[in-house]
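In what follows, a structure is listed as C-alpha cells, so that the remarks can point back to it.
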Amino acid sequence: MHLDKRASDILLNTYWSSNGWRRDPTVAPDDFNYAKSKGLMFDPVRLSHDQAILAALNAASAVGQEDVANAFIASLGSRRLDLRSCLGSYAVVRHLREHRMSARNGPGCDYCGEYDHDKAALDLNVLSFERIKWGGVRHSQPSYIAFDLDTLRKTPRPSPSARDFAMLKLILHVAASMPPAARLSDLDKALAKVLPSNSAERRVLIGILGYAGIITDPTRSDFRQRFVPCEEREQTPWHKDDWPYPVQWWTGSHGVQMAAITDWFPRLADF
C-alpha cells in the first residue's frame, strides 16, 4: 500500500531539488512512462471550466465521506501526504453546485475560481507533485479536486490504526489548547511536537482542517456549512498572509469546532 518509490522519486525530482522548485522541469521519456504506469505522472489534459466542475462533482460522488476521513486519518501515522489531501478537496466540493462560468472580475470564475483549461493544457503532473510532496495546495480549485478525489478512488490505502486516531486526537487537543492570542504560526510550531512533519506539511494540514470547518473562526462562513463563493472569501488585512480561506482568520481563542469534528470523525470518541 506504499507509493512506488521509483515512480515517486521520478515525479519529485522532476520538479524539486535541494534548492527548491526547478526552473525548467524535465523528465526522460522512459522515466515518464514508468511513473505514468504507476499512476503518478500523466499526459496533459484540456478541461473547460464546465468540464472541471462536472469532473469534480462526479469524483466526489464516487467516494464517500467515511473513505475520505479514513484516508486523512491514516495519513497521519504513515505520512502518506497524498492520502491527506482528500479531506480538503472533499470538504470544499461537498456543497458545490453545477454552474456556468462567470468571470466578471478576472480570468477565473467568480463563483468557484476555476479557469478554462480547454485552450492551454492543464499539467496534472504539477498537481500530482504537490499532492505527494505536501498534501496538495489547491484544494479549492475544482480541477484539482477532481484529480485528487479520482486518484484517491483508484489508490489502495491502509485503514487508520489506533495510533493514527491517537495522533488525530493529539493534533486537535493542541489546537484546542492554544492561548487565546495564538496565531497560525504558533499552531504550526506547536504541532511540530506531536506530528512527524516539516513546516510546509503542517501548514497544509492546518489549511485542510480549516476547509473542513474544524480550525476556523466560527463567525465566518466555512465550507462545512455551504460552498463559499470566491466573492465571499474575505481576505485578512495582514501583510503577506498566504494562509488559505477560511483558516486564515483563526486565532487560539477560536479553539476547535466540536460539531465539525463529530461530523468528519464520528469514530474518534471510540479511541
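The values are calculated or read from the model by the stated rules, or taken from the named source; none is laboratory data. This is a predicted model, so every value here is computed, not measured. Glycine gets a Cβ as well: all are built from the backbone with ideal geometry, and neighbour counts include every protein chain shown. For the accessible areas, the whole protein counts, side chains as well, though only heavy atoms, and no ligand, DNA or RNA atoms are used. Shrake-Rupley method; radii C 1.70, N 1.55, O 1.52, S 1.80 Å.
For this structure, a couple of remarks:
- Residue match in segment 260-267 (condition: outside any helix (DSSP H, G or I), among the β-branched types (Val, Ile, Thr) and surrounded by 12 or more Cβ atoms within 10 Å (Cβ to Cβ)): no
- Filtered by the rule that a residue be under 17 Å from Val68 (Cβ atoms) and open to solvent by 10 Å² or more (accessible area, probe 1.4 Å), segment 194-212 gives Val204, Tyr211.
- Residue in segment 84-100 that is at pLDDT below 95, part of a loop (DSSP other than H, G, I, E, B) and over 30 Å from Gln225 (Cα atoms) present: no
- Filter result (surrounded by 19 or more Cβ atoms within 10 Å (Cβ to Cβ) and out of contact with any Asp or Glu (no Cβ under 8 Å at 6 or more places or on another chain)) within segment 213-242: Ile214, Ile215, Asp222, Phe223
Residue-wise test of (1) open to solvent by less than 50 Å² (accessible area, probe 1.4 Å); (2) part of a loop (DSSP other than H, G, I, E, B); (3) at pLDDT below 95; (4) farther than 30 Å from Arg163 by Cα.
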{"position": "Leu11", "(1), (2), (3), (4)": "yes, no, no, no"}
{"position": "Tyr34", "(1), (2), (3), (4)": "no, no, no, yes"}
{"position": "Arg46", "(1), (2), (3), (4)": "no, no, yes, yes"}
{"position": "Ile53", "(1), (2), (3), (4)": "yes, no, no, yes"}
{"position": "Ala60", "(1), (2), (3), (4)": "yes, no, no, no"}
{"position": "Glu66", "(1), (2), (3), (4)": "no, no, no, no"}
{"position": "Phe72", "(1), (2), (3), (4)": "yes, no, no, no"}
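- For segment 13-32, a tally of residues being open to solvent by 40 Å² or more (accessible area, probe 1.4 Å) and touching a Lys or Arg at 6+ places or on another chain (Cβ under 8 Å) returns 1.
- Of the residues screened, Glu98 is not one that is over 22 Å from Lys36 (Cα atoms), open to solvent by less than 10 Å² (accessible area, probe 1.4 Å) and among the acidic types (Asp, Glu).
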